[in-house]
Structures are given as structure tokens and as C-alpha cells.
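Trainee: Take this structure, written in C-alpha cells, and hold onto it; I'll ask about it next.
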Amino acid sequence: MSLLRLDHVSAFYGASQALFDVSLAIEPGEVLALMGRNGMGKSTTVKVICRLLRNRGGTVLFDGADMAGVPAHKAARAGIGLVPEGRRCFGGLTVSENLVAAARKGPWDGAAVEALFPRLAERRGQKAASLSGGEQQMLAIGRALMTNPRLLILDEATEGLAPVIRQEIWAAIARLKRETGLSILVIDKSLAELAGVADRACVLEKGVSVWSGGFGSLTPTLAERFLGV
Amino acid sequence: MLTERRLNILVLALLLAVPLWAWIANEPFTITLATRAVIFAIAGVGLNLALGTGGLVSLGHAAFFGIGGYAMGILASHAQAYTAIFEWPVMLEGTKSMPIIWLVAILASALAALAIGALSLRTSGVYFIMITLAFGQMFYYFMISWPAYGGEDGLSIYVRNGFPGLNTLDPIQFFGLTFVILLLVLGLVTRLRASAFGLALGAARQNEARLRAVGIDPYRLYLLAFTLSGAITGLSGALFADLNRFVSPTMFSWHTSGEIIVFIILGGVGRLMGPVIGAALYVMLEHLLGGVSDYWQIYFGAILLAVVLFARGGLIGLLVGREVAHD
């Protein structure tokens, strides 16, 4: 059984339809790359999965349970961990406080997060707002891991970061896949880096899932057609 | 360098030193003023948990202050008249014991805060402010129209309630009692703010959607904070009533809610000792400016305006800087 399954999902922002027909599935331990050009509905799909936006049509199943009517905080408690676009840490709290505020019982605790991102240990008492972009991103990932999720969603986790930091984040994602067996849904524009971690890909175009398959079968022709790269 | 921690210790030391000096100098009125400041500080620390940490601007905390006051008034008035509060289904008599009165005040105000919070926290912003104000005023007019407990005239208690081992009529002993309660409340709030609950509450103030995404329901957090805040304010109401040996519907008035907010703004919103500094300054200015003019609030208003405009982190912000962990 898939850990997450979306079938023919549609969603609206007020009267504007953003998603028309999105279907995808993530198996336990799998890394799925959700791809598409800007404005195609990737972040909206993430919002629907996290129940920050309700789908008007179709079904969202997490671990076999229908997520219709489930509020966002309960979706997170069910095991969906989100690293939102733009990092969005709690700027007024310290690194350590950000982690404690989100903590729930499970293998991921402050020590485990600091082992994954040693930089956070060095910045433990520092306000999140005063961290560099890369450190904030590490904190955002750490905070999501502190909820002990079964599915980790990374929405543009490396956007706008220095190449060295990007490598550090990708290395951490690869380590998560290798060592924890966590299911990961990752949105990113970097095909080269995605190729190193993603098992499968799903491509969105104008709010419709138009292609899905093994990441290796995403040929340059398909990439150029759907992603413009 | 003056740090916030050092300032906090200095303020508490001053708050203790002034009445001790007054006791030695035989100035009981000054001790009463200090006791009043301490009691207001407890109310402010209570509201600051909701307002400063959680960002909940409640204009109805007078309701809890008044409930605490009337808990004392009702229990003590029945005890002094040797009458039962009610006789059916079980006989419930009044009491002159402070610990029992405090317990009742805390429970009654916490229950009221839970009920008011459950309804008003479904709104936010200006609507939340208005709903809490409306609840406070409902209590105010209810007490005015309840003749059994004095109506508009309020209730007088002839002798201050008792605490085991203390002579509470002695101003310095009653001050000591309220000061210890303030320390206990400050200790509780410090622990709460450092706990996962307190951190999540601070996070909710910054961004509710982000908090939901990590599995925490902001509504429950706010409700718990509002209830705890109401309970602490209720306790201060009971102490205030005992200080004056009098309760009246004025305790429920929106002016009282405004005053508690003023303590917090003066000292520093969200700072642990902000309400303590604010309440002490308020009582001091009320006394000093009140001696100059009956319209002392005009001068006080100008001072408050200056603090809001030029010291936006309150007096603590002015002295040690605005940067704090929960700002």
C-alpha cells in the first residue's frame, strides 16, 4: 500500500482553480521528485497534502486513511513533515527553541538533528532570524524531522543557497534516504542533484500531473518538453 | 553592563527593600503602596502570558481580576456573617482562610477564562479584543445588578482574611506574603515560557500556519495560555480584595483591564519582569502625580505616550535593549 496517494485531485484558491487533475503516489522509503515549471501547481499540491488547502475534488489518502476534513495540525501529527518554501523558521526563537517547540516522541530528537547538521549545534543558542539562509534551511529540515514524520516534504529546499550549502543539504537528504528509510517528496529545479536521490518523478503542467515514472526514464527530451531544461 | 537578568534582580531587590525600609521607618502607607504594586504586578504577569508570549490582546482580564476579588468577598462576607453561601444540595459555608480563598479564586477565574477563551479565541485581532471587552463588561453590569453582594456599592470585609502562622493585618507580613506569591508566579511563568508549550505559544504568535504544519493546534495553545493567564489574574484579584478589604464592580470595569495592559506596555511586552516594573512605576506615579493634581492621569498619559513612542520595548527595552528570546 502506498504511503501517500493522490487521485484526480483538484483545488482552488477562492474562485481560481489551481489544480485540475493531480494523481501521484509515494511508496514507503521512496523519494519522489515533484517537478514542473514555475506556477504549475507543485506548492499547491504540497499544501493539499499537508491540508493547508483543501482539495475540492479527488481523494488524498495517507497510509490508507482519507485526509478529507483533516486539519493541518492533525495531518502533521499523522506523519507528514513539511519543510516549507522560503524556510520560514520561527525567527524570534533560538535554534534549540525551534526544535523543542516542534518536538514529538520518536527517534528524531535534538541530538539526532544536530548529528545530521553539526552547524546547528554550533548555533544552538542563536536566534533563527540571525542565521544564514543555509543554516535556516537546515533548521527548517531539522524542525520537520523533530515531528518524527513518515513522509518528509521538501519544497524548494535548496533555492537561493550558495553551492557549498546546497551540497550539504543534498548530502543530508541522501543520508536520510540511505539511513532512515523515510519517504521523501522533494520539489527542486536541479535535475542533476535530484538524480542522485530521487527514485521516481512526477511532472505537473498547469495543475495536471502529466507524467510519472522512474527518475532514470525522464529523458532529456521529456525534461525539455515539461521543464524547459 | 546592565543585562535583563541583572535588571530583574535589581527590580525585585528594590521592590523588597522599599517596604523593608518603610517598616523600619514606620511608614505603613508606603508598605501598602508596595503591596498594591506587587498585587498589580501579579495581575500583569498573568496577562503578559497571554498578551506578551501569545500575542492575545485581551481587554477582558478585569473579569478574572473581579472574579478573584468576589471569590474572596463572597466567601469572607458569609464567614463574617456566619451564614451559608447555599444550603442545598449541600451546605457550603464561607471561610476566612486565605489559602482556601485563593484556591477558589484560581479555580473560578480559570473556569471563566476557559469558557470565555473557548468562545473568543475563535476570532482574532480586533474581534478578539472586542469580545473579551464585552465579556468583561457583562460581568461588570451583572455585579452591579446583583444586590445580594452589594450591587453597585460593593462588599466590605471588616477583618483581613487569615494565613496560618502570619498576622495578615500587619502590613509588612501581608506584603511578604504577596511578594512570595509574586516570586512563585514569576517562577511558574519562567518555567512555562521555557517549556515546549511556551515555545510553541511564542511560535504561534509569529505564524500560526507554520505551527500547524509541525502538528500543533494554535487554538489549544491559546486556550491553555488564556486559562492560565486568567487564573493568575484571578489570584491577584483575591489578594487585591484582601488588601483593601473591599470589593466592588469596579474591579470588573474595562478601566481595570486597560490598567493591567498599561503595566505591561510600560515595563515591556513579553518581558518576564515587564509588568512588575510597569506596576511599580504605575503605583509610584499614581501616588506622586496624584499628590500634585486630581487629574494626574493627564500627566501619566503623556509618560505612557513617551514610552510607546520612544521606548517601544518598554522601560526594560530602553534600559537593556529590545532583543529578547521571545520578542
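Trainee: If you take every residue apart from A:Met1 with its C-beta less than 9 Å away from the C-beta of A:Met1, what net charge results, scoring Lys and Arg +1 and Asp and Glu -1?
Mentor: -1
Trainee: Antiparallel versus total DSSP beta bridges in chain A: what percent is that, nearest 5?
Mentor: Looking only at bridges with both residues in chain A, the antiparallel portion is about 55 percent.
Trainee: Another question, then. With the Cα gyration tensor of region A:97-216 giving a ≥ b ≥ c as the square roots of its eigenvalues, does the rule (a/c under 1.5 for rounded; else a/b larger than b/c for prolate; else oblate) give rounded, prolate or oblate?
Mentor: Taking the square roots of the gyration eigenvalues as a ≥ b ≥ c, region A:97-216 is prolate.
Trainee: Using only the alpha-carbon atoms of region B:213-282 as identical scatterers, what base-10 log of I(q)/I(0) does the Debye formula give at q = 0.20, 0.22, 0.23, 0.25 Å⁻¹?
Mentor: Those come out to -0.98, -1.10, -1.14, -1.21, one per q.
Trainee: Normalised by the number of residues in region B:30-262, what is the relative contact order in percent for Cα pairs under 8 Å and 6+ residues apart?
Mentor: 44
Trainee: Based on the alpha-carbon set only, what is the convex hull volume of region B:30-262 divided per residue, in Å³?
Mentor: Cα convex hull per residue, to the nearest whole number: 128 Å³.
Trainee: Per Stokes-Einstein, at 10 °C and 1.306 mPa s, what whole-number D in µm² s⁻¹ belongs to region B:103-154, with the Kirkwood radius over Cα pairs as the hydrodynamic radius?
Mentor: For the chosen part, D equals 130 µm²/s.
Trainee: How high is the FRET efficiency between B:Ala194 and B:Ala302 when r is their beta carbon distance and R₀ equals 41 Å, given to the nearest 0.05?
Mentor: 0.65
Trainee: For region B:267-327, what is the relative contact order in percent, using Cα pairs closer than 8 Å and at least 6 residues apart in sequence?
Mentor: Averaging sequence separation for qualifying contacts and normalising by length gives 40 percent for region B:267-327.
Trainee: Shape verdict for region B:23-89, please, from the Cα gyration tensor: rounded (a/c under 1.5), prolate (a/b greater than b/c) or oblate.
Mentor: oblate
Trainee: 5 Å is the cut-off here: which amide hydrogens, built 1.01 Å from N in the peptide plane, fall below it relative to A:Ser209, excluding neighbours closer than 5 in sequence?
Mentor: The list, which skips near neighbours in sequence, is A:Asp21, A:Val22, A:Ser23.
Trainee: Tell me, B:Trp21, B:Trp88 in order of fewest to most beta-carbon neighbours within 10 Å?
Mentor: So the residues, fewest neighbours to most, are B:Trp88, B:Trp21.
Trainee: May I ask what percent, to the nearest 5, of DSSP beta bridges between residues of the protein assembly as shown are antiparallel?
Mentor: 60
Trainee: Enumerate the calculated ³J(HN,Hα) couplings along region B:310-320 in order (Karplus 6.51 cos²θ - 1.76 cosθ + 1.60, θ = phi - 60°), each rounded to whole Hz, writing x wherever the residue is Gly or Pro.
Mentor: 3J(HN,Hα) across region B:310-320, in whole Hz: 10, 9, 5, x, x, 5, 5, x, 5, 7, 10.
Trainee: Give me B:Trp146, B:Trp254 sorted ascending by neighbouring Cβ count inside 10 Å, so fewest comes first.
Mentor: B:Trp146, B:Trp254
Trainee: With +1 on each Lys and Arg Cβ and -1 on each Asp and Glu Cβ, and nothing else charged, work out how big the dipole of chain B is about its Cα centre, in Debye to the nearest 20.
Mentor: Dipole magnitude for chain B comes out near 940 debye.
Trainee: If you take the Cα atoms of region B:164-268, find Rg, then find the Kirkwood Rh from the mean of 1/r over all pairs, what is Rg/Rh?
Mentor: Rounded to two decimals, Rg over Rh is 1.07.
Trainee: Another question, then. With only alpha-carbon atoms counted, please give the Rg and Dmax of the protein assembly as shown, in Å.
Mentor: Every Cα atom of the protein assembly as shown included, Rg and Dmax give 28.6, 93 Å.
Trainee: Would you mind ranking B:His61, B:His255 so that the residue whose beta carbon has the fewest other beta carbons within 10 Å leads the list?
Mentor: Ranked by crowding around the Cβ, least crowded first: B:His255, B:His61.
Trainee: Can you give me the orientation-averaged projected area of the convex hull built on the Cα atoms of chain A, in nm²?
Mentor: Reported value for the Cα convex hull: 11.8 nm².
Trainee: At q = 0.11, 0.13, 0.16, 0.19 Å⁻¹, work out log10 I(q)/I(0) for region B:1-148 with the Debye formula, treating every Cα as an identical point scatterer and leaving solvent out; two decimals please.
Mentor: Results for region B:1-148 at q = 0.11, 0.13, 0.16, 0.19 Å⁻¹ read -0.62, -0.82, -1.06, -1.19.
Where a number appears in this text, it was derived from the coordinates with a stated rule and is not lab data. Every value quoted in this text rests on a predicted model; they were computed, and no experiment measured them. Neighbour counts are summed over all protein chains in view; Cβ atoms, including those assigned to glycine, are modelled from backbone coordinates with ideal geometry.
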